[in-house]
Amino acid sequence: MLKTYAKNNPTPCHQQIIRSFSRSISSPKERKTQPHKGHVITSVPSCLTLPMSQVIMISKCFSGKPVENGVHCWKCKQKLESGSELDYLLCSGCGSPQRVVVGGDGDTRRGVWRPSFYELLGVKEQSFAVDVDELAATVRRLQKKLHPDLFAGKGKEEEEASQELSSLINKAFSTLASPIDRGRYLLQLRGVKDPLGDIEKEITSEPTFLEEVMTLNERLEELESEKDWRHFREENDKVLTQLQSDLNVAFTENKIDEAKIILARMKYFDTLQSKLKELKSKLNIVE
Ligand SMILES: [Zn+2]
């Protein structure tokens, strides 16, 4: 694996480390002295005393190699099988909350589950159309079993694992429940590295849209009566609903550039929605 890694990652620094590493584990002397224990490193070469940042970088590189070996409980080492929504989150053997690495692609490399936010909340299809009520119900069910209060006094590691898991579940929910955050997250899952930057670029390259937004902002500032306020909000709601529907189509048809443009527009109309909320109290509107 090390040689393959060095071949595929031609960074001089890494290559030197890998070569030294390979030498240290494959010298004839070592094979002789450790005939039954496989490759055991008895001394650490000076080039391997790296700053932590480089160690992390290398470990990330290595983790990129797919080694399917299932998910095991960090505490009792029991293999965890995937069947229900809690299987990878709570060990059925010892009852410990599990550690997961969110943001991955759902695989189980190196014994840890790496779900996307969708997978973490048991949503099979990574699409823009999600049932937010259903998500909220899932989160309530999961938090009933995984809430940190349930693990208080059960050991530091259990407490930390439950806290991490609980906050990840909340983060997954807040991301997927918000149409804009969900859209940005979906862009990320489809390989867009900087969704926010790309969205801003889309906006600045559309002068007519900027003009439209300016006009709407001016109209908003001039709102004086409840009737006008309600009319403006109704229009804004309609636009946002239409944009969400368009975004769903764009993602379904995998039209990523189109999705970016729609999301950019959604962001602006969503800002208008926030401004409308502020104005509501100023105009003493009660709903
Ligand atoms: Zn366990």
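In region 194-202, is there at least one residue being open to solvent by 70 Å² or more (accessible area, probe 1.4 Å), among the hydrophobic types (A, V, I, L, M, F, W, C) and under 19 Å from D181 (Cα atoms)? Yes, the conditions are met somewhere in region 194-202.
Evaluate the following for E160: is it modelled with pLDDT of 95 or more and charged (D, E, K, R)? No, not satisfied.
Taking the condition away from the ligand (no atom under 14 Å from the Cβ) and within 30 Å of N248 (Cβ to Cβ), does L86 pass? For L86, the condition - away from the ligand (no atom under 14 Å from the Cβ) and within 30 Å of N248 (Cβ to Cβ) - is not met. Restricted to region 95-113, and to residues that are at pLDDT 65 or above and small (G, A, S), which residue is farthest from the ligand (Cβ to nearest atom)? Here the answer is G103. The requirement of being under 30 Å from E119 (Cβ atoms) and either surrounded by fewer than 18 Cβ atoms within 10 Å (Cβ to Cβ) or at pLDDT 90 or above (or both) is not satisfied by P207.
The values are calculated or read from the model by the stated rules, or taken from the named source; none is laboratory data. Every value quoted in this text rests on a predicted model; they were computed, and no experiment measured them. Here Cβ is always computed from backbone atoms with ideal geometry, including for glycine, and neighbour counts include all displayed protein chains. Just the protein is used for accessible areas: all its heavy atoms, side chains included, with ligands, DNA and RNA removed. Shrake-Rupley method; radii C 1.70, N 1.55, O 1.52, S 1.80 Å.
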